[in-house]
Every structure is written in C-alpha cells, then in structure tokens.
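Below is one structure, written out as structure tokens; the observations come after it.
Values quoted throughout were computed directly from the atomic coordinates according to the rules given, and no laboratory measurement underlies them. Here the structure is a predicted model, which is why all the values come from computation and not from measurement. Methodologically, a virtual Cβ is constructed for each residue, glycine included, from the backbone with ideal geometry; neighbour enumeration extends over all protein chains shown.
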Amino acid sequence: MKKKSDIKGKINIVILIAITLLVLYFALKDNFEATINQILTLNIWWFLVSILLFLGSIFLRSIALFKLTCHFKPDYTFRQSMKLSLTTQFFNGITPFATGGQPFQVYQLKKDGVTLADGTNIIVQNFIVYQIALVLLGLVAVVSNYFFHFFKEVSILQRLVTLGFLANTLVVIALLVLAFAKKTNKRILRFIIRILKEMRIIKNAEKTYKRWDESLDRFHKGARLLIDNKRLTLETIFLNIMGLCALYIIPLTVAYSMGYYHSFDGLLAIISSAYVMLIGAFVPIPGGTGGLEYSFIQFYGNFVTGSALSAMMLIWRFITYYFGMIVGAIALYVKGKKD
C-alpha cells in the first residue's frame, strides 16, 4: 500500500514539473528578456511584503486551527498548530485538489496526542469554516462584478467562476445537510450500500455500513460542536476570511514591487484573486497548475499587460505556491529529524 502511495506521489510530482515547464514556456516565449528583467529589477522590500502576506495568511489560519484544536486538547500549543499548517502546504501542493493535506493533518494531530476521532472532528470543523470563508469572499467577488462590471472581456471565465462559486456553495450546503439531517443521511447511506452490494461492488454490506456510519457520526459530532459554540465558529470564520484576504492581496504588492502603483487597488486584487481561486478549484492537477496561471493572466490582464503581466504572474505563483511547498518541505524535514 505504501509502495502504491509512493508511486502515486512521484507521478504527481512528474506531472507538476511537466506542467510547470509548459507554463514557463508560454509565459516567457514572447518577452523572455523583458520578463526576466522585470523580475530581476523588482523592489525587494515590496517582494518581502508579499512573502510576509503569504506567511501572515498561514499564521491567521493557524490561529483558527489552534482554537479548534484547543477545544479538544487544552494543552495543544500554537507552535504545534503553526508547524502543522506549514507542513500541510507541502502535502496540499503535491496532490490534486489539495487532497493530501487533511489526511496528514489527522495523522499529525494523533502524533501530537489528539485521538483519531477528535482529530477527524477538528479537521472537519476546520474544513467547514474555511469553505464558508471561501464562499463568502466568492460571493463578494461575484456580486461586485455583477454591479460594477470589472471584467467585461472575460465572459467565458466569468461562467467558470460562477460554476466554481456554485460548486463551493453546494459543498457548504452539503456539509450543513450532513450536520443536521443525521437520520436522513443514515437512510441514504443504507440505500447506496444496498445498491453497491447488488452491483457486486462491495461484498460485506454491514461492515461497510458500520465503517461509513461511524464516519458520519464523527462528522455530525464535529459539525454540531460548531453550531453549539457560535462564538468559536464566528471567530474561526473571521480568521479564515482575513487569511484569504492576505493571500488575495499579494498580486497588489507584487505589482508595487514592479513599480505599478496605480494599475488596480486592494478591492480589485481581492475580487480578481477570488475569481482566480474559484476557477482553480476545477483543475485536477497538483496546485491547480496551468489553470490558475491562465486565469491569473486573463483577469489581471485587465490592469497590467505585456512582460510586466508575465513577470507578475510568475512572482505571484512562486510566492503563493512554490514558496509554500518549499517552506512546508523544510518544516517537514526539520520535524522528521527531531522525531
């Protein structure tokens, strides 16, 4: 099983490298010298502000995770939460749809003294508050563009954004249904397992039902705790919103680092980035590579053009993705050495 997982991980990395090289080719093929010159002559101080915004985003989401975990394990430290958030960047980065982060978080929480059931509840809660924050910012972006028509020339991408927003909204609705309709969920689960048994996809229906029923109970318990502790829920949603805003505003500071101080403002950066991230949800490649870069060019191309746009996209992508993976890998290595 481990060997199969290792092979899958290596395949993901090969795909990631191949798509990255392809993105670099298309970004540099027309204005190679000008784009490289833009990167080499950027203002280092604004570049460092961009790095700090990225780290600040992780910091804010670490506080949210810390608050949720302390509800189950009062002696859990913020240092442990920050390490977990950093190392998660690596696993999210190398897996499609960032699916590798959550299993690692449950595993690491168990090593930190949190029971498997409680760890699962924590990650469920963390996922719910993050999805709500993502949908709320997506709603702000969609409504703002509806009234002010910021992106008239990218109608196809606007449709993808709408689909992305609806998909994330449906995820939140599904999570709420799972949280409240416990009996209905169990009936649906039995019906699905019965169908799968008749199709001979599963052999032991009762064993399968019991396993999934226990997972549903854990999910229900985690979601109910959020509903019962409204203050904690609101605090963690707010922290996730602030964390996403810090992440979404990075293109603005990257533009400043290149001397573009009046091309767009903070609100447009947040709206554009929310659009870019909603489209990225559809890309089944580690890190959304290819789709995120393309959508970034399309939306931010309304404010910056030519070699400056290509350079801006490459710097932004390095900070928000590759830098995060590097930091996560270092944190994982340091932690591995200590263990």
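Taking each residue as 0.36 nm, the span from Thr41 to Phe238 lengthens on full extension beyond its C-alpha to C-alpha distance by 67.3 nm. Model label sites at Ile195 and Phe32, defined 7 Å from Cα along the beta-carbon direction, differ in position by 5.4 nm. Between Val143 and Ile326, the FRET efficiency from the beta-carbon distance, with R0 = 41 Å, is close to 0.70.
Backbone amide hydrogens, once placed in the peptide plane, bring Phe303 within less than 5 Å of nothing, excluding anything fewer than 5 places away on its chain. The count of lysine pairs in the range 156-263 with alpha-carbon distances below 24 Å, taking only pairs 8 or more places apart or on different chains, stands at 20.
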